[in-house]
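The values are calculated or read from the model by the stated rules, or taken from the named source; none is laboratory data. Fair warning: this is a prediction, and the values are worked out from it, not measured in the lab. Neighbour counts are summed over all protein chains in view; Cβ atoms, including those assigned to glycine, are modelled from backbone coordinates with ideal geometry.
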Amino acid sequence: MGFLQKYQKDFEEYDCLEQDFIDDESIWAQLKKKENPSRAEVRSVLDKAEKKVRLEPEEMAILIQNQDPETINEMYALANRLKREIYGDRIVFFAPLYISNKCANNCKYCGFRHENHQIERRTLTLDEITEEVQIMIDEGQKRTVLVYGESPETSVDFICASVRQVYNTKRGKGEIRRANINCAPLSRAELQQLKEVGIGTFQVFQETYHHETYREMHPAGTIKGHYRWRLYAQDRALDVGLDDVAIGALFGLYDWRFELMGLLYHAIHLEEKYNGVGPHTISFPRIEPAIGTPFASKPKYVVSDEDFKKIVAILRLAVPYAGLILTAREKPEVRRAVVPLGVSQIDAGSRIGVGGYRESSGNMLPDKEQFQLGDVRTLDDVIRETCELGNIPSFCTACYRAGRTGEHFMEVAKSSFVHNFCMPNALLTLKEYLLDYASTETKAVGEKTIVSSVQGLADPKIKQFVQEALARLEEGERDIRV
Ligand code: SAM
Ligand code: SF4
């Protein structure tokens, strides 16, 4: 059987469905119905959002269609407040590791697409993975997302081997403690293998929820051309007990208002089917230019910076329990503007060329990259700025290692108890970073963040635990967590 026929049998499960959970017409009808909502309507949605409950599509439509600057500002203020109440001032840090840019698909917007001959193709060997990971560890990374094209070279066996390789790489006092995966949708049997190897989040972006646009972007005859195989990728993961799943849309392919509704319908579908377990995180990348990829330089539905802010704030209010990931695709000034609206995870020090950590040392590798990065600052620079802006950088990986995933994580995230786990762990992992990797300047700024945050811990037991653990870290112990 040829590679492109790999999932033909599996597709049947979805081909026979009368419909999927994205109803394009109904989404547009809801958006039309809520055109120009009154201030009272907007404020009543904000009142509901304040209770930290997931919003309904018709409520999201009101926020999307609101054009009134006064209530838009109220929405931003609430998004900022909810983020602080649910997640604290923490920002979780990670960096991607690109394993392979070989791909049999032909997504119009991606530099890795099969037809692009301007890119040098490569899959890292296991030894090369070790070398890349060593550099990441030496820079202070603890969390990664492994990124793969879809090709015979990146079979699930290879993906599992690469995950093991990442976890087995140790360096000084450091290691990667959580490897998330961003790869093509997989079958249940394949996902079972990923579960066994101990991946963190399983991430698949639908790219666009709009059926017709999806068809235009992903040619028929490619595996990715099958909309529903992708739409139900997270279902299959949850079916086999991989219960930290992530969703996302690539903004610029279709109208952002529709895509936001698509993301919400996806979250609702998962919650309803899997006992309240919605997406662990949501990503909302904007298309970036990519070598040999004219479409990416001129996407039809460019999202302005102003609309991008709305996207983040609306997601924060509509799906309060989900982590929101903002990547280094965005320029530093955009990141500064958008993080306060509800972002909980960012990457920094990222290289997105295959082999990029060894070969680019801060510069880019355009002939091996998927797209161009907007923020090429070092991890140390971004950590320092994060502290200066009053946030707490975190490299925490405790929840998933303690089994607080899926339903358990949802309970924790939904009930704000995150503070009891996340704040202490953020401070302890920041301390590790400062002790082992930070520049003198960052260390000074970061220590101030730790001192003031410890002072602010309300629970005396937690405060005492953190103070003692910080002292143990100073003495050389590592990986202390709640
Ligand atoms: N090949 C797998 C897939 O398509 O799901 C996973 C890896 S793919 C490289 C990861 C994500 O990169 C895609 O889901 C897409 O959203 C994003 N992406 C592709 N081209 C992009 C571009 N030009 N700018 C920004 N993001 C892009
Ligand atoms: Fe391949 Fe993923 Fe790029 Fe599409 S987005 S061409 S599937 S790497």
**Q.** Filtered residues of the stretch 426-461 (kept if assigned to a loop (DSSP other than H, G, I, E, B) and under 22 Å from A398 (Cα atoms))
**A.** Y437, A438, G456, L457, A458, D459
Q) Is the stretch 286-293 home to any residue that is over 11 Å from A322 (Cβ atoms), of a type in the set (K, R) and assigned to a helix (DSSP H, G or I)? A) no
Q. Of everything in the stretch 302-325 that's surrounded by fewer than 18 Cβ atoms within 10 Å (Cβ to Cβ) and assigned to a loop (DSSP other than H, G, I, E, B), which residue is farthest from ligand 2 (Cβ to nearest atom)?
A. S304
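Report, by residue number, each residue of the stretch 115-127 that is touching a residue at least 60 places away in the same chain (Cβ under 8 Å) and either within 16 Å of ligand 1 (Cβ to nearest atom) or within 27 Å of T429 (Cβ to Cβ) (or both). Show your work before the answer.
Kept after step one, since they are touching a residue at least 60 places away in the same chain (Cβ under 8 Å), are these residues of the stretch 115-127: 116-120, 122-124.
Within the stretch 115-127, N116, Q118, I119, E120, R122, T123, L124 meet the criteria.
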Q: Consider only pairs whose beta carbons are under 8 Å apart and that are at least six residues apart or on different chains; among these, list those whose first residue lies in the stretch 91-109 and is basic (K, R) and whose second residue is within 9 Å of ligand 1 (Cβ to nearest atom) and part of a strand (DSSP E or B).
A: K108/T293
Q: Go over the candidates E272, E207 one by one and state the one that is within 16 Å of ligand 2 (Cβ to nearest atom) and among the acidic types (D, E).
A: E207
(Q) Anything in the stretch 161-195 that is within 21 Å of the chain's Cα centre (by Cα) and within 16 Å of ligand 1 (Cβ to nearest atom)? List them, or say none. (A) S162, V163, A179, N180, I181, N182, C183, A184, P185, L186, L191, L194
Q: May I ask you to verify whether I346 is touching a helix residue (DSSP H, G or I) at 6+ places or on another chain (Cβ under 7 Å), modelled with pLDDT of 90 or more, in the same structural domain as F93 (by TED's automatic domain parsing) and among the β-branched types (V, I, T)?
A: yes
**Q.** Residue satisfying all of: in the stretch 131-159; away from ligand 2 (no atom under 16 Å from the Cβ) and of a type in the set (S, T, N, Q); surrounded by the most Cβ atoms within 10 Å (Cβ to Cβ) among these
**A.** Q141
Q: Look through the stretch 160-188, keep the residues that are outside any strand (DSSP E or B) and without any contact (Cβ under 8 Å) to a residue 40 or more places away in the chain, and return whichever of them is farthest from ligand 2 (Cβ to nearest atom).
A: N168
Q.
When you scan the stretch 2-25, do you find a residue that is part of a loop (DSSP other than H, G, I, E, B) and of a type in the set (A, V, I, L, M), even just one?
A. yes
Q | the stretch 196-213, residues that are within 16 Å of ligand 1 (Cβ to nearest atom) and either touching a Lys or Arg at 6+ places or on another chain (Cβ under 7 Å) or in a loop (DSSP other than H, G, I, E, B) (or both) | A | I199, G200, T201, V204, F205, Q206, T208, Y209, H210
(Q) Suppose we filter the stretch 96-113 for residues that are of a type in the set (G, A, S), in a loop (DSSP other than H, G, I, E, B) and surrounded by 23 or more Cβ atoms within 10 Å (Cβ to Cβ); how many remain? (A) 1
